[in-house]
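None of the figures in this text is laboratory data; all of them are computed from the coordinates on show. Computed from a prediction, not measured in an experiment: that's the story for all the values here. Every residue, glycine as well, gets a Cβ built from its backbone with ideal geometry; the counts of neighbours run over all protein chains shown.
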Amino acid sequence: MVGVRTPYVCIPSLVSETQFYKPKLMSFQFNPIHSSSFSRIHQKTSSKSKLFTTISSSPSSVPTVTPEPELEVDSQGEKFDWYAQWYPIMLVCDLDKRVPHAKRVMGLDIVLWWDRNENTWKVFGDACPHRLAPLSEGRIDQWGRLQCVYHGWCFNGSGDCKFIPQASPDGPPVHTFKKACVAVYPSTVHHDIVWFWPNSDPQYKDIITKKQPPTIPELDDPSFIKLTGCRDIPYGYEILIENLMDPAHVTYAHYGIIRTRPPKVKADREGGCPVELSVKKLGIDGFLGDQDQYGTNKFIAPCVSYAYSSPVVDKGEGIVSSDGTEKERKIMDIGLANWQKACFVPTKSDAFVVGFRRWLKKYAGGQVDWRGKYSGALPPTPPREELMDRYWSHVVSCRSCSAAYNRFNALEVVLQVASLASIGIATATKQNVKVMVAVAVLCFAGSKWLAHFIYKNFHYHDYKHALH
């Protein structure tokens, strides 16, 4: 295969995983529960590769490595405003227009739903103004309004209450009162992802005309083929974004799963080698960096890391490690402002991580501004099986995977029924007994194998580095 141009987009959005490839012959793939969404793109005939990442979850602090002489820093005492940014919520392809979807982004509980009257996705605060019941538990009625499950109050796409069943038609029109309206957040679809602006103040109603979500041209290029998905990952923003900016870990953490270019001199089994990274310009909106011979990296705060790198061909599967949660806990234990005391980062391969920590400290005070919605205390670390679970973290929110899961489960039942039916037929007819028994055994064995396949691919598949 010729060179491949590979961009990669990941969107942990204090919420959701997407992959894109760009060959004309190949196909390709953003809570206090935090999540991620990513995309990778391959293109034949090119030797460059692009890497994108998007995120938003929870952060930490500073770095130790002295910035390189060529680093430019834009500094005018500016403060990064976490609530004046666009955040990705969900991939459009995985959204069901028939039902409202509950999400939590930047500590805000929101509901995402399809307004068929305006033919667009809407984002509301997930609380009915009546008695604060979650609107995400409701339904979309026959007139295309969002109906609260608790008392049936109905809202249109502008957040106006259009119907209160308990109000007398002869009484005052209480549904028109301002207090009967629900909070509406600006939203838009960009790169086949629903984004929202986390401020419902009416002055931001038309914010899309002044500021748009980050644009990655390749994602709108029709010669790219996309494979999409999502996964909730239970660790914080800063740990996740560090991981996505760290090409040096791939050789080891994803050994046997993602293939990397072999080094000229192989010092160990995995083939790790020096990686020359450097941050060139750092400002309130992110930073620009170099990746040695691989190209450049651009971090667009707070959600996008966009990089050019050499071709990396993977086997179509990835792995979530429990390391992230443990790293986060250790950093929290020593204090958010003490990242540099806990981590020793002497090589240039950590330059982007250090650059991110510098940006976080300089412009965001070392952490996400949760506005009181997060105390800083971490929940207990769940068991490994729960932490690396695939079903609840991915399958239920992925339309293609959930469809495949249902079909495989149906096939497993069919095989079990066929096995029992074969035994029954053999017993009743006394004919072709050996054949029917053989069919029963094969169907039973097939159902057991399929059950294992379903569990491994859709529920939990452990990975022990020591054994690979």
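Roughly how large, in nm² to one decimal, is the mean projection of the convex hull of the alpha-carbon atoms in segment 140-240?
10.7
Roughly what would the spin-label model give for residue 441 and residue 168, points 7 Å off Cα along C-beta, in nm?
Going by the 7 Å Cα→Cβ label model, 8.0 nm.
Run the numbers for residue 373 and residue 99: contour at 0.36 nm per residue of separation, minus the present Cα-Cα distance, in nm.
96.0 nm
Full-extension gain between residue 467 and residue 189, please, as 0.36 nm times their residue separation minus the C-alpha to C-alpha distance.
Net length gain for the segment: 95.7 nm.
Karplus couplings for segment 415-424 from phi (6.51 cos²θ - 1.76 cosθ + 1.60, θ = phi - 60°), rounded to Hz, Gly and Pro as x?
Values, residue by residue: 5, 5, 5, 4, 5, 5, 5, 4, 5, x Hz.
Where Lys and Arg each count +1 and Asp and Glu each count -1, what net charge lies around residue 422 among other residues with Cβ under 15 Å from its Cβ?
+2
Around residue 195, under 13 Å between beta carbons, what's the net of Lys plus Arg minus Asp minus Glu among the other residues?
Neighbour charge sum, excluding residue 195 itself: +2.
Quick one: if you stick a label point 7 Å off each Cα along the C-beta vector at residue 137 and residue 119, how many nm between them?
Those two pseudo-labels are separated by 3.5 nm.
In the structure shown, do any of 122/205; 79/361; 103/373 have a Cα-Cα gap over 19 Å, and if so which?
none
Mind giving me the nanometre distance, one decimal, between the label points for residue 223 and residue 429, set 7 Å out from Cα along Cα→Cβ?
5.9
Hey, could you get me the Stokes-Einstein D for segment 395-459, Kirkwood radius over alpha-carbon pairs, 25 °C and 0.890 mPa s, rounded to whole µm² s⁻¹?
The estimated diffusion coefficient comes to 192 µm²/s.
Calculate, in nm to one decimal, what residue 259 and residue 386 gain on full extension: separation in residues at 0.36 nm each, minus their alpha carbon distance.
Length gained, residue 259 through residue 386: 43.0 nm.
Enumerate by residue number the trypsin sites (Lys or Arg not before Pro) in segment 394-468 meeting two conditions: DSSP loop (anything except H, G, I, E, B), and at most 14 other Cβ atoms within 10 Å of the site's Cβ.
Of the trypsin sites (Lys or Arg not before Pro), the ones in loops of segment 394-468 whose Cβ has at most 14 other Cβ atoms within 10 Å are 430, 464.
Taking the Cα centroid of segment 255-292 and of segment 422-457, what is the distance between the two, rounded to the nearest whole Å?
52
Too long at a 29 Å Cα-Cα cut-off: which of 266/330; 266/456; 266/348?
266/330; 266/456
Near residue 153, within a Cβ-to-Cβ distance under 10 Å, what is the net charge of the other residues, with Lys and Arg +1 and Asp and Glu -1?
Summing Lys and Arg as +1 and Asp and Glu as -1 gives +3.
Just to check I understand the Karplus step: with θ = phi - 60° and J = 6.51 cos²θ - 1.76 cosθ + 1.60, what whole-Hz values come out for segment 79-91, glycine and proline as x?
Along segment 79-91, the couplings run 10, 5, 9, 5, 9, 10, 9, 8, 10, x, 10, 7, 6 Hz.
Can you give me the Rg/Rh ratio for segment 87-209, using Cα atoms for both radii and the Kirkwood formula for Rh?
Answer for segment 87-209: 0.96.
At a 10 angstrom cut-off on C-beta neighbours, averaged per residue, how do the peptides 202-214, 274-286 rank from highest to lowest?
Descending packing order for the listed peptides: 274-286, 202-214.
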